[in-house]
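*Asks:* Before we start, here is the structure in question, set down as structure tokens.
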Amino acid sequence: MSDIAIVPAPRELTVAEGRWITADPVGEAVRDVVENLDATEYRIDITADGARLTAGSEDALRHAESTYAQLVEAAEPAGDEGGGEVAVPLARIADAPRFAWRGMMLDVARHFMPKDFVLKIIDVLALHRLNVLHFHLTDDQGWRVEIEAYPKLTEIGAWRAETMVGKMSHGQTEFTYDGTRHGGFYTKADLREIVAYAAERGITVVPEIDLPGHMQAAIAAYPELGNHPDQQLTVRQYWGISDDVLNVNDATVEFVKTVLREVLEIFPSEYIHLGGDECPSVQWAESEVAQKRQAELGLDEPGQLQGWFTAQVAEVLAEEGRRLVGWDEMVETDCPKDAVIMAWRSAERGEVAAKAGHQVVMAPCESVYFDYYQGDPKTEPLAIGGDIPLEKVYDFEVIPAALTDEEQALIIGTQCQIWTEYMEGPEQVGYMLLPRLSAFAERAWGSPKISYDEFVTRLRPHLTRIENLGVTYRPLD
Ligand code: ACM
């Protein structure tokens, strides 16, 4: 019998002696949504008489189907007669995810990714029983979502004239450019198609409009949003952190609210990400308008204007019953207490956020930033830095050790990140994402950690499933 290779591994799998002989294991399996299981739980029972898939909800039944499809691959031809029947191993699976938020972030701002590839990524998430696609739609280098009220966001903001070549180093100010226009955006119809495709697979698309920093593309389109409205910026053509952040005028707050209202119409997700990372306050410190605002609000530091700005625009989310999600810098900027914090700078930032009473998604760069190298930089494609080989992802502990039980309960899940400064298209994204995402999915699901070698044994045949989705991956060493 071939081995049962399920990725991510179910929480409980028991294999018994014997086989179920059938010509059609998928067609003949019985399926039921039942009341005695929790909404996230499912069971698979394969006996000599047949297979039964039960689940506490339609979403969980989808997980049962996905696991069952992988299990059925372990069936072998029954007898030597070539009669078309197969022998399916007898097994019992009792399974449910450990975490509610099992996500992947895709940055389509630094490099635009075609819609068809985004749909493939959703297939990859579904294969791994992940349930959130965090869609990083805006940044300094590109604005990717059609907004009817402000057409220049995509007419101008979705395109950059050229892009820096090579690796950006700290403090670099002179660049070599590739001379090639880059860009693209998703129409509302594209985005609705992506959202619907994901929903059919039990996946929520969480959009991110990154603010008030990482907004240079928007300011290039509408200079009045910036702190130097008389200056015409370009959509940024190199990486790093831009000092050009939104101004804190009332008109800019209104502009962003209008954008968000359109975003909420496209994305039904309860959770909406408003960024909040890497927002320098140098321009606010120098701006008369910002200084006046700071004084009016009685704030000590210009950086505190970020919390004020976020709270203003987040009113739109509250009106629609949505929840604010932000990167961990938000904790330091007096953000709303019910904001979900995505801990990225380190696992410790997740501890800090949980201790401050926030729900937290663990996305620490040292473990789950898949733009980091996964092998020797001398032989790997150019990447931003770091070192996260597959085994390190497998060993990732989602919950920081220093939390009390009550604080641990605030960790609602985990997420891996694909930032695309150094990934020009689908081929490069696949190479950086997979199979690290397969290891990540084990931690997000809560698969038993037996050993890295055991994982690799299951992963080898799993790579064929990834290949069948038409996505590239990094071959195993
Ligand atoms: C981030 O990596 N700037 C969230």
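*Asks:* Sort 322-333, 166-177 by the packing proxy (mean of other Cβ within 10 Å over each peptide's residues), most packed first.
*Replies:* Details: 322-333: 22.2, 166-177: 10.0.
Descending mean neighbour count gives 322-333, 166-177.
*Asks:* On to the next question. What's the ranking of 217-228, 133-144 by average number of surrounding C-beta atoms within 10 Å, highest first?
*Replies:* Details: 217-228: 21.6, 133-144: 26.8.
Answer by packing, highest mean first, reads 133-144, 217-228.
*Asks:* Nearest 5 percent is fine: what portion of the DSSP beta bridges confined to the chain is antiparallel? Intermediate results must be reported in sequence, preceding the final value.
*Replies:* Numbers: 26 of 62 bridges.
If we restrict to bridges inside the chain, about 40 percent are antiparallel.
*Asks:* Give the distance, in whole Å, between the Cα centre of region 202-230 and the Cα centre of region 1-40.
*Replies:* Spelled out, the Cα-based centre of one part sits 46 Å from the other.
*Asks:* Pick out, in residue order, every one of the trypsin sites (Lys or Arg not before Pro) in region 443-477 that is DSSP loop and has at most 16 other C-beta atoms within 10 Å; say none if there are none.
*Replies:* Values: sites: ARG443, LYS449, ARG458, ARG465; in loops: LYS449.
Answer in residue order: LYS449.
*Asks:* Extending each Cα 7 Å along its Cβ direction at SER451 and ASP300, get the distance between those two points in nm, one decimal.
*Replies:* 5.4
*Asks:* Follow-up question, since we're still on this one. Which of the GluC sites (Glu not before Pro) across region 344-412 are loop residues per DSSP, with 15 or fewer other Cβ within 10 Å? Let's see the in-between values first.
*Replies:* Details: sites: GLU348, GLU351, GLU366, GLU391, GLU397, GLU406, GLU407; in loops: GLU397.
Filter output for region 344-412: GLU397.
*Asks:* Let me ask something additional. Give, in nm to one decimal, the length gained when the segment between ASN36 and GLU65 is fully stretched (0.36 nm per residue of separation minus the Cα-Cα distance). Don't skip to the end; give the middle numbers.
*Replies:* On the way: separation 29, 0.36 × 29 = 10.44 nm, distance 1.87 nm.
Gain in length upon complete extension: 8.6 nm.
*Asks:* Right, next: Hey, what angle do you get for helix 436-445 against the long axis of the chain, alpha-carbon based, 0 to 90 degrees rounded to 10?
*Replies:* The helix 436-445 is inclined about 80 degrees to the chain.
*Asks:* When the scattering of the chain is computed by the Debye formula from its Cα atoms alone, each counted once and equally, what is log10 I(q)/I(0) at q = 0.13 Å⁻¹?
*Replies:* -1.22
*Asks:* Subtracting the Cα-Cα distance from 0.36 nm times the residue separation, let me have the gained length for THR234 to GLU380 in nm, one decimal.
*Replies:* Values: separation 146, 0.36 × 146 = 52.56 nm, distance 3.16 nm.
My answer for the length gained is 49.4 nm.
*Asks:* Using all alpha carbons of region 415-477, what is the percent of pairwise distances in each 5 Å bin, ordered from the shortest bin to the longest?
*Replies:* Spelled out per bin, shortest first, that is 4, 16, 27, 24, 18, 8, 3, 0.
*Asks:* While we're looking at this one, here's another question. State, in angstrom, two size descriptors of region 249-327 derived from its alpha carbons: Rg to one decimal place and Dmax to the nearest whole number.
*Replies:* Every Cα atom of region 249-327 included, Rg and Dmax give 13.6, 39 Å.
*Asks:* Explain nothing, just the number: dipole magnitude of region 1-157 about its Cα centre with +1 on each Lys and Arg Cβ and -1 on each Asp and Glu Cβ, in debye rounded to the nearest 20.
*Replies:* Values: 15 positive and 28 negative charges, 126 e Å.
Dipole of region 1-157, to the nearest 20 debye: 600 debye.
*Asks:* Further question: Quick one: if you take sqrt(5λ) for each eigenvalue of the C-alpha gyration tensor of region 45-91, what semi-axes come out, biggest first, whole angstrom?
*Replies:* On the way: eigenvalues 125, 23, 11 Å².
Taking √(5λ) for each Cα gyration eigenvalue gives 25, 11, 7 Å.
*Asks:* Still on this structure, I have one more. What fraction of the Cα pairs in region 281-386, stated in percent, has a spacing above 18 angstrom? Intermediate values should be presented prior to the final figure.
*Replies:* Values: 3382 of 5565 pairs.
Distances greater than 18 Å cover 61 percent of the Cα pairs.
*Asks:* Rounded to the nearest 0.05, what FRET efficiency do GLU12 and GLU391 have when you use their Cβ-Cβ distance and R0 = 30 Å? Walk me through the numbers before you get to the answer.
*Replies:* Values: r = 25 Å, r/R0 = 0.82.
Step by step, r from the Cβ atoms, then E = 0.75.
*Asks:* Under unit Cβ charges (Lys, Arg +1; Asp, Glu -1), what dipole magnitude, rounded to 20 debye, does the chain have relative to its Cα centre? Present the calculation step by step, with values, prior to reporting the outcome.
*Replies:* Numbers: 41 positive and 81 negative charges, 77 e Å.
For the chain, the charge dipole is close to 380 debye.
*Asks:* Could you list the square roots of 5 times each eigenvalue of the Cα gyration tensor of region 64-149, that is, the equivalent ellipsoid semi-axes, sorted largest first and rounded to whole Å?
*Replies:* Details: eigenvalues 341, 56, 14 Å².
With the √(5λ) rule applied to region 64-149, the semi-axes are 41, 17, 8 Å.
*Asks:* Students often get this wrong: which residues of region 143-162 have the backbone nitrogen under 13 Å from the point 7 angstrom along Cα-to-C-beta of THR180?
*Replies:* Of the residues in region 143-162, 162 have backbone N under 13 Å from the label point off THR180.
*Asks:* Could I ask something else about it? Of LYS292/LYS355; LYS120/LYS449; LYS167/LYS355; LYS167/LYS292, which ones are farther than 30 Å apart at the Cα?
*Replies:* Result: LYS292/LYS355; LYS167/LYS355; LYS167/LYS292 exceed 30 Å.
*Asks:* Also: For the chain, what does -39500 (n - 2.57) per DSSP helix run (n ≥ 4), summed and divided by total residues, give at 222 nm, in deg cm²/dmol to the nearest 500? Kindly include the intermediate steps, with their values, before the conclusion.
*Replies:* On the way: 18 runs with 158 residues, N = 477.
Roughly -9500 deg cm²/dmol at 222 nm, from the helical runs in the chain.
Read-outs throughout are calculated quantities, based only on the coordinates presented, and are distinct from any laboratory measurement. Computed from a predicted structure; not experimentally measured. Cβ sites come from the backbone with ideal geometry, for glycine too, and all protein chains shown count toward neighbours.
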